[in-house]
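A short worksheet on the structure shown next.
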Amino acid sequence: MIISAGTSSTGSFAIAAPGQRTLRELRTKRKGQPVFVLGHINERKGQEATFELFNVRLAVVKFQDGVTIGYDPVELLLPTEIDEKGVAYFEIRQCRCCEQLFPLTAEEYRQDPEPTDCPECRSQD
């Protein structure tokens, strides 16, 4: 079972959707939202964290070791799925055209073959 995507008043955390793949694209951000960090700090790239709050224009995220760091919300990718226990699963791929990382949606992850280009490059085809 997949927890419903979105940021409605139900309190559910968001998963990657065709129009919402990064924290920046979410209209409402919920504290505790799982994210995958691309970011500007090499030691933290590729790690999972949870969204805490906004500070000016930065999204402050908290890592499992308790460290909090601010990122541009576009650097924070949403999970592909969240299971019934609240565990987030990230399926992050590198675009074969532009080499940017992007999260697959649950539907894309189940496609055979799964997309190899990011949504921006696919829209240019």
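The values are calculated or read from the model by the stated rules, or taken from the named source; none is laboratory data. Computed from a prediction, not measured in an experiment: that's the story for all the values here. Quick reminder, even Gly has a Cβ in these numbers, built from the backbone with ideal geometry, and neighbours come from all protein chains shown. The accessibility values were calculated without ligands, DNA or RNA, using every heavy atom of the protein model including side chains. Shrake-Rupley method; radii C 1.70, N 1.55, O 1.52, S 1.80 Å.
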- prompt: For region 6-88, what Kirkwood radius comes out of the mean inverse Cα-Cα distance, in Å?
  reply: 12.6
- prompt: What size of dipole, in debye to the nearest 20, comes out for the chain about its Cα centre when the only charges are +1 on Lys and Arg C-beta atoms and -1 on Asp and Glu C-beta atoms?
  reply: 540
task: With a 1.4 Å probe and every protein chain left in place, work out the accessible area per residue of the chain in Å², rounded to a whole number.
output: 59
